[in-house]
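Undergrad: One structure, as structure tokens, below. Some questions next.
The values are calculated or read from the model by the stated rules, or taken from the named source; none is laboratory data. Computed from a predicted model, the values in this text were never measured in an experiment. Note that each Cβ is placed from the backbone with ideal geometry, even for glycine, and that neighbours are counted across all protein chains shown.
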Amino acid sequence: MTEGSVVGSFVVPVHPHTVLAPDQNEGWQRLRDAFDTAAQTIKELDADLLVIYSTTWPSIIGHQIQSDPNPEWVMVDHDFHDLGSIEYSFNIDQDFAHAWDDANRKRGLQSRCVNYKGFPIDVGSVVALTLLNPDNAIPAVIVSSNMYANRSETTVLAKSCLDVIKAQGRRAVAITAMSLSNRMFTDFIKPEEDKIHSLKDDEWNLKILEFLKQGRLEDVGQLSRTIQRQIRVQKVVAFKPMWWLSAMNGNRNDLTGQVLAYEPIHGAGGAVVSIDPTPSGAGDKEYDEDDIEYFHGERGVLDTVDEIDEGGEEAPAVEQASSGPGLWEPTEAEGSVNTDAAPKPVGAYPHARKVGNMLFLSGVGPRQPGTNAIPGGPIHDENGEPLDYDIEAQTHAVVNNVKRIVEEAGASMDQVVDVTTFLVDMKRDFKGYNDVWAQTLGKIGPTRTTLAIDALPTPIAVEMKVIVHLGE
Amino acid sequence: MVKGKIVAGCIAPHPPHLVYAENPPQNEPVAEGGWEQLRWGYERLRASLADIEYDAIVVLSPHWQTYIGTHFLGLPHFEGLSVDPIFPNLFRYHYDLNIDVELAKAIHDEAASAGLPVKMMENPDFRVDYGTITTGHLFNPEWDKPMVVLSSNRSTAYYSVEVMQEIMIELGRVTRRAIEASGKRVVVLASNSLSHRHFTTESEVPEDMSKEHITSHAMHLWDMRIIDYMRTGQAQRILDEMPEFTEQAIAESDGGGLSWLLSTLDVPDYPAILHGYGTIIGTGNAVVEWPCHAHEEADA
């Protein structure tokens, strides 16, 4: 099966005017025409899945994914009820919804599917699916916007979605149902009086659209908090749909964007934007927020908190990791080699120590410096429940960490002479580990011993003990 | 015509967990109980008003959120299924309620005369929000009184707590004037929690009370401070401290219900009755009654 991918993305407005009253305002009609163009583009992309992240479906308990295969009801907007009602009957991909829910939990997210008759599908999703998928030919999936979610949680939400798209070989279209500036007029207006609420909102909207037109989606994502402060009412925290959409596109800035329409809807900025994954060569990131693979946010609020022994004056500084043992500053001693480019130790020891012309490394795992994240995922959650993980990704990360320490000592990887590897699950992991070894250290040729052990101090599957000959 | 009057004003919070825990026939999910302190608080509130005659219930719910003015349910009858979009596992309620359209229109018109943006909601397909239904059920499970339902204008989000409060105090004044002009006896309900920081996880059994507590000590301190003002007849201090309370306790007073209620009651300087306090997924909730009828009788 061919690996799936996101074959296109769209930003679409949420208010019901484009469905119920396009004829009442020329701008609303242009938005409606743009929706129709987008629907045609989606058909031509031969997409087999629509994934909607909707800002008008807030959630509190993690993210919720619609999994009713055929939700049907009549939607009436809370503000614009006088425009009329929208009857809906949608085609939801229940299998994908469940697979995404599973993938979310594997990446540390709180998540659940909802499948209840009469569930009120939100206005943004109703408008998007009604206009982008009018004949219900393409199955869809809808995810909520968690009101407390930050960038890392929202980014991981997209990555888990990508996991399933790839695994199922889908041709997916990612859609964010959202306004740009979301400040509406606070009084009733006639359709012909509609305009963007303020010049400032309009200027910011145009700035966002300029970025999107250049394919600089990640830049917009990284401007999210600024945009929120400048032109957004606090319906949701931050301009988070752009975090999600950027992660769905690999956090890239070289996409191909096209603004199909930009118009006011009762003062808010409504735009239909098409984003093609084809590289446009527009440029690199201007900002560089941390990437994240797994969510390690605070989730233990329901549990009893144990008293922490604060220690005496002589106790070494220990930083609490998001999970697992505390992190220590590397020990400084004669000949010790330490670097910020390697993960912090979980005890009082250095990253490496020189003795004569030999360099001895402490055991090195895959944890990432700074974030402490584990590429390939942890092997179990905070409750000890096993998780699926990628041994190849973990092994690559170990080798990279070894390389950083060796280079900090002024040596190079071709001087590695002996490696002892510890695996927590020899039967499961030896092949993946061995493949990565062959691609990396195996090309250098150090001696090697591989041992199976019960556990390592952090939830990792592989650790290496390395000896380097520094030369005469 | 006899002058209308407000016989009681109440804070009547709407977490769907309370309806879920009571297992009424209208709600589909089944619970083992839970949140008894608040549910028994509602029982005490109902008992307190059992012998008081009134014609209608006026409620402002923060879950009918409108960004353009204040809206009023404007048809005489609504029925249907309300599924909470946030806790659909707990609340799937078959509702059937009547509206006092005459009183709703009277408040609407009075507000319009005062320059407030208002609109009657007359679309028969409209689904009544779960906040209104939860408060409606817990206050009056027989559903034998007509209601007036006001939306929550989100002016806190658009402007500030101060601007919200200015609007809500005016809305409260016109609500009171319209009730008095109607000749009706009315109970007024603000359907909101106090501190409002939720847990973002849910225990396997949602009604597992061993997992329930206030989200943080700071939230508890704020809740107790506000309740103390209520119990000691210092409503004005609540209004004075509303910006700090709303911001620091992430309070659901951002929806304007509490400010509107206190204004509708003419900022009472007599003690309120605390019928119950408890937390629901970390948020602070109080069932509180200002017994206007007793106060007016005492003054007479």
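Undergrad: Sort out which residues of the range A:376-405 are of a type outside the set (D, E, K, R) and either outside the structural domain of A:Phe430 (by TED's automatic domain parsing) or in a helix (DSSP H, G or I) (or both), and write them in order of number. Before the answer, list the steps.
TA: The initial filter retains those residues of the range A:376-405 that are of a type outside the set (D, E, K, R), namely A:376-380, A:383-384, A:386-387, A:389, A:391, A:393-402, A:405.
Passing the criteria: A:Ile391, A:Ala393, A:Gln394, A:Thr395, A:His396, A:Ala397, A:Val398, A:Val399, A:Asn400, A:Asn401, A:Val402, A:Ile405.
Undergrad: OK, next. Being under 25 Å from B:Leu265 (Cβ atoms), at the interface with chain A (Cβ under 10 Å from one of its Cβ atoms) and either in contact with an Asp or Glu (Cβ under 6 Å, 6 or more places away or on another chain) or buried (at least 23 other Cβ atoms within 10 Å of the Cβ) (or both) is the filter here; which residues of the range B:34-72 pass it?
TA: B:His63, B:Trp64, B:Thr66, B:His71 - these are the residues of the range B:34-72 that are under 25 Å from B:Leu265 (Cβ atoms), at the interface with chain A (Cβ under 10 Å from one of its Cβ atoms) and either in contact with an Asp or Glu (Cβ under 6 Å, 6 or more places away or on another chain) or buried (at least 23 other Cβ atoms within 10 Å of the Cβ) (or both).
Undergrad: Report the residue count in the range A:125-139 for those that are assigned to a helix (DSSP H, G or I) and among the polar types (S, T, N, Q). Outline the logic, then answer.
TA: Our first condition is that a residue be assigned to a helix (DSSP H, G or I); within the range A:125-139, this holds for A:125-132.
Filter once more, so that each one left must be among the polar types (S, T, N, Q): A:125, A:130.
Counting residues in the range A:125-139 that are assigned to a helix (DSSP H, G or I) and among the polar types (S, T, N, Q) gives 2.
Undergrad: Say whether the condition of being within 23 Å of the chain's Cα centre (by Cα) and closer than 19 Å to A:Asp435 by Cβ is met by at least one residue in the range A:381-388.
TA: Looking through the range A:381-388, at least one residue is within 23 Å of the chain's Cα centre (by Cα) and closer than 19 Å to A:Asp435 by Cβ.
Undergrad: Examine the range B:19-33 for a residue that is over 21 Å from B:Leu262 (Cα atoms), modelled with pLDDT of 95 or more and under 16 Å from the mean Cα position of the chain (by Cα), and state whether such a residue exists.
TA: Initially, the range B:19-33 is screened for residues over 21 Å from B:Leu262 (Cα atoms), giving B:19-33.
Then keep just the ones that are modelled with pLDDT of 95 or more; that gives B:19-33.
Retained after the next criterion (residues that are under 16 Å from the mean Cα position of the chain (by Cα)): B:19.
Yes - at least one qualifying residue is present in the range B:19-33.
Undergrad: Return a yes/no flag: does the range A:115-135 have any residue that is within 11 Å of chain B (Cβ to nearest Cβ), touching a helix residue (DSSP H, G or I) at 6+ places or on another chain (Cβ under 7 Å) and modelled with pLDDT of 95 or more.
TA: Within the range A:115-135, none of the residues are within 11 Å of chain B (Cβ to nearest Cβ), touching a helix residue (DSSP H, G or I) at 6+ places or on another chain (Cβ under 7 Å) and modelled with pLDDT of 95 or more.
Undergrad: Also, quick follow-up: Might you check whether a residue that is more than 14 Å from chain B (Cβ to nearest Cβ), on the phi < 0 side of the Ramachandran plot, surrounded by 20 or more Cβ atoms within 10 Å (Cβ to Cβ) and assigned to a helix (DSSP H, G or I) occurs anywhere in the range A:184-205?
TA: So in the range A:184-205, the residues more than 14 Å from chain B (Cβ to nearest Cβ) come out as A:192, A:195-196, A:199-200, A:202-205.
Of the ones still in play, those that are also on the phi < 0 side of the Ramachandran plot are A:192, A:195-196, A:199-200, A:202-205.
With surrounded by 20 or more Cβ atoms within 10 Å (Cβ to Cβ) added as a condition, the list becomes A:196, A:204-205.
After this cut, where a residue has to be assigned to a helix (DSSP H, G or I) as well, the list is A:204-205.
Checked the range A:184-205: at least one residue is more than 14 Å from chain B (Cβ to nearest Cβ), on the phi < 0 side of the Ramachandran plot, surrounded by 20 or more Cβ atoms within 10 Å (Cβ to Cβ) and assigned to a helix (DSSP H, G or I).
Undergrad: Separate question: How many residues does the range B:144-192 contain that are surrounded by fewer than 17 Cβ atoms within 10 Å (Cβ to Cβ) and touching a strand residue (DSSP E or B) at 6+ places or on another chain (Cβ under 8 Å)?
TA: So the answer is 1.
Undergrad: Quick check, is A:Ile142 touching a helix residue (DSSP H, G or I) at 6+ places or on another chain (Cβ under 8 Å), under 30 Å from A:Pro22 (Cβ atoms) and part of a loop (DSSP other than H, G, I, E, B)?
TA: Values: touching a helix residue (DSSP H, G or I) at 6+ places or on another chain (Cβ under 8 Å): yes; under 30 Å from A:Pro22 (Cβ atoms): yes; part of a loop (DSSP other than H, G, I, E, B): no.
Taking the combined requirement at face value, the residue does not satisfy it.
This table checks each residue for (1) among the hydroxyl-bearing types (Ser, Thr, Tyr); (2) surrounded by fewer than 18 Cβ atoms within 10 Å (Cβ to Cβ).
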residue: A:Leu31; (1), (2): no, no
residue: A:Glu44; (1), (2): no, yes
residue: A:Val51; (1), (2): no, no
residue: A:Thr56; (1), (2): yes, no
residue: A:Ile61; (1), (2): no, no
residue: A:Glu72; (1), (2): no, yes
residue: A:Asp82; (1), (2): no, yes
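Residue-by-condition table, conditions (1) among the aliphatic types (A, V, I, L, M); (2) more than 14 Å from chain A (Cβ to nearest Cβ); (3) part of a helix (DSSP H, G or I):
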site	(1), (2), (3)
B:Asn192	no, yes, no
B:Leu261	yes, yes, yes
B:Glu289	no, yes, no
B:His293	no, yes, yes
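Undergrad: Can I ask one more? Looking at A:Val417, A:Val436, which one is of a type in the set (A, V, I, L, M) and not in a helix (DSSP H, G or I)?
TA: On the way: A:Val436 fails: not in a helix (DSSP H, G or I).
Step by step, each of A:Val417, A:Val436 is checked, and only A:Val417 is of a type in the set (A, V, I, L, M) and not in a helix (DSSP H, G or I).
Undergrad: Six or more apart or on different chains, Cβ atoms under 6 Å: show the pairs whose first residue is in the range A:136-154 and more than 14 Å from chain B (Cβ to nearest Cβ) and whose second is of a type in the set (S, T, N, Q).
TA: Within 6 Å, the pairs are A:Asn136/A:Asn91; A:Pro139/A:Asn91.
Undergrad: Taking the condition of being among the basic types (Lys, Arg) and modelled with pLDDT of 95 or more, how many residues in the range B:1-18 meet it? Outline the logic, then answer.
TA: As a first pass, look at the range B:1-18 and keep what is among the basic types (Lys, Arg): B:3, B:5.
Filter once more, so that each one left must be modelled with pLDDT of 95 or more: B:5.
Matching residues across the range B:1-18 total 1.
Undergrad: Which residues, counting only those in the range A:171-183, are modelled with pLDDT of 95 or more and surrounded by fewer than 22 Cβ atoms within 10 Å (Cβ to Cβ)?
TA: A:Arg171
Undergrad: Only one of A:Val337, A:Val355, A:Val364 is more than 22 Å from the chain's Cα centre (by Cα), closer than 18 Å to A:Gln415 by Cα, surrounded by fewer than 14 Cβ atoms within 10 Å (Cβ to Cβ) and at pLDDT 90 or above; which?
TA: Details: A:Val337 fails: surrounded by fewer than 14 Cβ atoms within 10 Å (Cβ to Cβ); A:Val364 fails: surrounded by fewer than 14 Cβ atoms within 10 Å (Cβ to Cβ).
Of the residues listed, the single one that is more than 22 Å from the chain's Cα centre (by Cα), closer than 18 Å to A:Gln415 by Cα, surrounded by fewer than 14 Cβ atoms within 10 Å (Cβ to Cβ) and at pLDDT 90 or above is A:Val355.
Undergrad: Something else about it: In the range B:213-238, which residues are within 13 Å of chain A (Cβ to nearest Cβ), within 20 Å of B:Gly276 (Cβ to Cβ) and not in a helix (DSSP H, G or I)? First the steps, then the outcome.
TA: Here is the first cut: in the range B:213-238, the residues within 13 Å of chain A (Cβ to nearest Cβ) are B:213-217, B:219.
Filter once more, keeping what is within 20 Å of B:Gly276 (Cβ to Cβ): B:213-215, B:219.
Of everything in the range B:213-238, those that are within 13 Å of chain A (Cβ to nearest Cβ), within 20 Å of B:Gly276 (Cβ to Cβ) and not in a helix (DSSP H, G or I) turn out to be B:His213, B:Ile214, B:Thr215.
Undergrad: Same structure, new question: Going through B:Ser210, B:Ser203 one at a time, which residue ends up being of a type in the set (Ser, Thr, Tyr) and part of a helix (DSSP H, G or I)? So that I can check it myself, show each step before the final result.
TA: Working: B:Ser203 fails: part of a helix (DSSP H, G or I).
None of the others qualify; the one that does is B:Ser210.
Undergrad: Does the range B:74-123 hold any residues that are in contact with a Gly (Cβ under 9 Å, 6 or more places away or on another chain), within 21 Å of B:Ser182 (Cα to Cα) and within 14 Å of chain A (Cβ to nearest Cβ), and which are they?
TA: B:His108, B:Ala111, B:Leu116, B:Val118, B:Lys119, B:Met120, B:Met121 - these are the residues of the range B:74-123 that are in contact with a Gly (Cβ under 9 Å, 6 or more places away or on another chain), within 21 Å of B:Ser182 (Cα to Cα) and within 14 Å of chain A (Cβ to nearest Cβ).
Undergrad: Out of B:Thr264, B:Thr279, report the one residue that is among the hydroxyl-bearing types (Ser, Thr, Tyr) and touching an Asp or Glu at 6+ places or on another chain (Cβ under 6 Å). If you could, list the steps in order and put the result at the bottom.
TA: Values: B:Thr264 fails: touching an Asp or Glu at 6+ places or on another chain (Cβ under 6 Å).
Criteria check complete, one pass: B:Thr279.
Undergrad: Just a yes or no: is a residue in the range A:45-54 farther than 24 Å from A:Val156 by Cα and away from every other protein chain (no Cβ under 14 Å)? Please lay out each step first, then the result.
TA: Taking the range A:45-54 and keeping what is farther than 24 Å from A:Val156 by Cα, we get A:45-46.
This time we only want the ones that are away from every other protein chain (no Cβ under 14 Å), so: A:45-46.
For the range A:45-54, residues farther than 24 Å from A:Val156 by Cα and away from every other protein chain (no Cβ under 14 Å): present.
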